[in-house]
Amino acid sequence: MIRNLGFLLVLGLLLTGGIAAAQTDVTRTHPLIDAAAVGNADAVEYWLKRGVRADLTDDGGRTPLMFGAFVGSLDIVELALEHGASIDRRDKGGSSAILWAAGQNEVGIVERLIEANASIDIQNSLGETALMVAAQEGLYDVVQVLLDAGANYDIRDYTGRTAIDRARQGRDPELLRMLERIAGAR
């Protein structure tokens, strides 16, 4: 009964805007994170305008910017950037927003993050770059955007594979030919 009263008190304060940075007992995270994770830009804006830090993280180290990139919400990405989100911040797996966006084939978000000076060759805890992830998944448009921005196709992951090696394992033979052509021309 006491636990339910505590929950109702927290819920009441959240609904009236009385708590801006508290954890909830239910989700173990902040409503800003929950909103970003489901792509609710209006709720993300609500919490950011009330002073909740744009770099607030969940237990996996993921920020609203990362969630916005993952769920394909350019609105959330823009809101997070406007409110000072660290563009190259990494989650506990070492992935930054550009890696999340690249893996989800979010071309427009990858372009926006590049425009905002995201590190295009940042590596996660496996040594993967956005280019490697996109090449392996056969995401031609993301690969093209990253290459146009100067992504390095020679970087090796921690198993020694490059983006070209990963494209060989991937789904798109045309993408592999494109990468091999570019590598041969340089």
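Do we have any residue at all in the range 160-183 that's touching a Gly at 6+ places or on another chain (Cβ under 6 Å), among the small types (Gly, Ala, Ser) and either more than 21 Å from Gly108 (Cβ to Cβ) or at pLDDT 95 or above (or both)?
yes
Could you check Trp47 against (1) under 24 Å from Arg161 (Cα atoms); (2) free of Cβ contacts under 8 Å to residues at least 40 places away in the same chain and say which number it fails?
That leaves (1) as the condition not met.
For the range 65-81, indicate whether the set of residues that are part of a helix (DSSP H, G or I), modelled with pLDDT of 95 or more and farther than 26 Å from Ala102 by Cα is non-empty.
No, the conditions are met nowhere in the range 65-81.
Go through the range 163-177 and give me each residue that's closer than 14 Å to Gln136 by Cβ and not in a loop (DSSP other than H, G, I, E, B).
Ala163, Ile164, Asp165, Arg166, Ala167, Arg168, Gln169, Pro173, Leu175, Leu176
Looking only at the range 145-162, decide whether some residue is closer than 30 Å to Glu45 by Cβ, touching a residue at least 12 places away in the same chain (Cβ under 8 Å) and part of a helix (DSSP H, G or I).
Yes, the range 145-162 contains a residue that is closer than 30 Å to Glu45 by Cβ, touching a residue at least 12 places away in the same chain (Cβ under 8 Å) and part of a helix (DSSP H, G or I).
Looking at the range 117-136, can you tell me whether even one residue there is part of a helix (DSSP H, G or I), loosely packed, with under 14 Cβ neighbours inside 10 Å and without any contact (Cβ under 8 Å) to a residue 60 or more places away in the chain?
no
The values are calculated or read from the model by the stated rules, or taken from the named source; none is laboratory data. All figures in this text were calculated on a predicted structure; none of them were measured in a lab. Glycine also receives a Cβ, built like all others from the backbone with ideal geometry; neighbour counts cover every protein chain displayed.
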